[in-house]
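Right, one structure below, let's go through it.
Each value in this text was obtained by applying a stated rule to the coordinates, not by laboratory testing. Since the structure is predicted, the reported quantities are computational estimates derived from the model, not experimental observations. All Cβ positions, even for glycine, are placed from backbone atoms using ideal geometry, and neighbour counts span all protein chains on display.
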Amino acid sequence: MVEKPLNANEVATKLNISRSKAYALMRDGSIEVVKFGRSIRVTEEALDRFINKNTIETDSFDITTKLPTTTITSLENLKSHSKMGAYND
């Protein structure tokens, strides 16, 4: 039996994104769609392809590189690390 295609709300729920982001992914072709007149839908298979295509291998992705390398422990450290000088007297 063929499963019912998903609408944008259902795609958004499954991907835990906003409905407008789901529409944007559908509009730009990132997620393949099926058109029925003015309605657009996404098959489970198309959604699975999108997820598989955008899945990052955990071995090649090191989240620690995004963490700060220094810890600011005082106002003096904050002043010395301020790029814009907003905290300098």
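Considering only DSSP states other than H, G, I, E and B, which GluC sites (Glu not before Pro) in region 1-59 qualify as loop sites with at most 16 other Cβ atoms within 10 Å? Write down the numbers at each step before the final one.
Values: sites: E3, E10, E32, E44, E45, E57; in loops: E3, E32, E57.
Filter output for region 1-59: E3, E32, E57.
Treat each spin label as a single point 7 Å out from the Cα along the C-beta direction, and report the E3 to S18 distance in nm.
Going by the 7 Å Cα→Cβ label model, 2.7 nm.
At 7 Å along Cα-to-Cβ for each site, give me the label-to-label distance between T55 and F36 in nm.
2.9
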